[in-house]
Amino acid sequence: MKRCTSTHSKFRSWRGSVALATLLLGSSGGFAEDPRWIPTDELQASQVSLPSLIDETAGSESADPSSGLAGDVDPVERELRLQRAIADSLHGDNQKAIDSLGDPASNDTAALYASAMWMMQNGNVAEGMQTLRSIADRDNAPPEIHKFLAVGHLHLDQPQAAEAAADIYLDTNQNDAYTHYVRGLAILRQDDPVRAHDSLRQAGYDEDDVAQIQTVAMQVPVDVMQRRLTIGEPITGIQNRSRYDDGCDSLGGGQAQNKPYNVTILFAGEYDSNVPLQPRFSGLGSNIDHDDYRFLMASFLDLQLMTTEQFNLGLVGSTYNTFQVDANEFNIQDYMGGAYTNALLTEDLVGSLRYEYHHTLVDSDRFADEHRLTPSLTWLGSRGHTTLFYEFNPINSRAPMLIPAQNQSTDIHRTGITQALYTFGGEGRVYGGYQYAEGHAVGADFDRTTHMVTGRIERPLPRGWIADLDVRYVWDDYANPNSLDFYDRARDDERVEVRSGLQKNFAAPVSLRFDYTYINNDSNTANLFGVRFYDYDRHIVSTQLIFSL
């Protein structure tokens, strides 16, 4: 590829070169404002005033912009259209700028460059890159073109090409910190942190900054990269999440691996202030909090069976075992197996189907069997993703019961919507969600409807730490009078759940996590003596060592 050099004669040969070189990317902000594009500092327009000619001609009668700049358009008219397009971009409307510019002549490098950059700013990276590549070897091509080619390749998940384009630009611009940063990200995408470290340091970051960038590099919310992670490659930890993550994290944040499987093994020590609630009916009038310590082991497997650019198919499995120090009658074992598939239905829409079978034991005795079948649709946006899901969850329960009304076997129908937004310059995420569920139980005590709203925030911190906070509010409305209530009232519960966590990612594959969870359940069900069977507080403190293989 021919390398461009910076000369004043090339700039003077452009039509509208003075305005274009400064105003090209308009007044767009940084990466945090629009994760589709990362503008450079030297292309900001905050200190540039519009030429009066642009304002005067913006509303004048002129040829239809759709007729384009090609053909026999008068040179003055062609120049005016270019200036109007620059004005449109300065006012923050890149699409209007593209429309005003029309179809540039094939020999008009300045107009083609402007059109390409506006297309990329507007999210159409692939088409903009095609135009940039068509003029990259011209003598009058702008010297920054390889810088933006590097950025475009990175957005299109072409890290090797991004590195090559960055190298061409850095040959004559060794002090350009932004290009060193883009080059560092491109090398990280090639799973080469040692070489990336040097580029990120040359970009001006200290050791702590470099460690944080390396931690979150795979979380950059590029829409094309997001689809590749979702459809084309395995995603660490994502397929193994349960429904209690509300679908919020079903499509983003995982690190792509060049292997067809992901294995996670977790060891934890926990303190629980109310062990009997996990889960067994403690008896009439008991209502006694039982605190204890436990050791926990869990494992998760995601195995890709088939992967293409448009489709994937895989298997999932997990084990979960707890060992109480004192209250061993509440030891829990849960074993899960299932499958999933994702398909890219359109450019921005993913369809998914997931099935899980769970076999749960308490103190080595069968407690419940359940199935979870979850179809969902996810729209991939530039700043996040939105998921609509439905879940059918039949549960066959063998929990202890005194009378048939306490039989907890239930068919649950659950629907919900979640929204994920990328924040903190692409390094963090915010989630919000709502779900509605109906439970049709064998026992009259457990026919119910449930509403749940949830919110979650994740934020990377210095030195490789990641913080998160999860808050949920749940309303359970039961349909029938409760068999344990002295006044034959229908049970009505309101529950608040708060979880906060800190996680440190050490050298692969080891992570350390600290969690605190608080649960408060307020229930009206009570006996003659005012004992509220389902009313409780619960505190759980956990330390987890995680291995991702």
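A few notes on this one:
- The alpha carbon centroids of the range 395-463 and the range 295-347 are separated by 18 Å.
- Computed over the range 385-492: relative contact order in percent, which uses C-alpha pairs under 8 Å that are six or more apart: 20 percent
- Amide H within-cut-off set for GLN190, under 5 Å, with H built and near neighbours excluded: none
- Distance in nm between pseudo-label sites at ARG133 and PHE486 (7 Å out along the Cβ direction from Cα): 7.9 nm
- In the context of the full set of protein chains, the range 336-445 has a per residue accessible area of 42 Å² (1.4 Å probe).
- Annotation: extensible slack from THR346 through ASP171 equals 59.0 nm (criterion: 0.36 nm per residue apart, minus Cα-Cα distance).
- Accessible area of the range 416-549 belonging to carbon and sulfur atoms, whole % at 1.4 Å probe: 61 percent
- With the simple model of a label 7 Å out from the Cα in the direction of the Cβ, PHE392 to ARG366 spans 2.2 nm.
- Sequence-separation-based contact order of the range 294-437, relative, with Cα cut under 8 Å and 6+ spacing, percent: 14 percent
- Between amide H atoms placed 1.01 Å from N, distances below 5 Å from ARG489 occur with ASN482, all of them 5 or more places distant or on a separate chain.
- 5 angstrom amide H check on ARG366, placed H, neighbours 5+ away: none
- Remark: the range 138-192 carries 34 Å² of accessible area per residue (probe radius 1.4 Å; ligands, DNA and RNA excluded).
- Share of carbon and sulfur in the accessible heavy-atom surface of the range 115-218 [1.4 Å probe, %]: 42 percent
- The figure for GLU144 is an accessible area of roughly 50 square angstrom, using a 1.4 Å probe on the protein chains alone.
The values are calculated or read from the model by the stated rules, or taken from the named source; none is laboratory data. Keep in mind that what you see is a predicted model, and the values were worked out from it rather than measured. Heads up, the Cβs are rebuilt from the backbone with ideal geometry, glycines too, and the neighbour counts pull from every protein chain shown. Quick note on the areas: whole protein, heavy atoms, side chains included, nothing else; ligands and nucleic acids left out. Shrake-Rupley method; radii C 1.70, N 1.55, O 1.52, S 1.80 Å.
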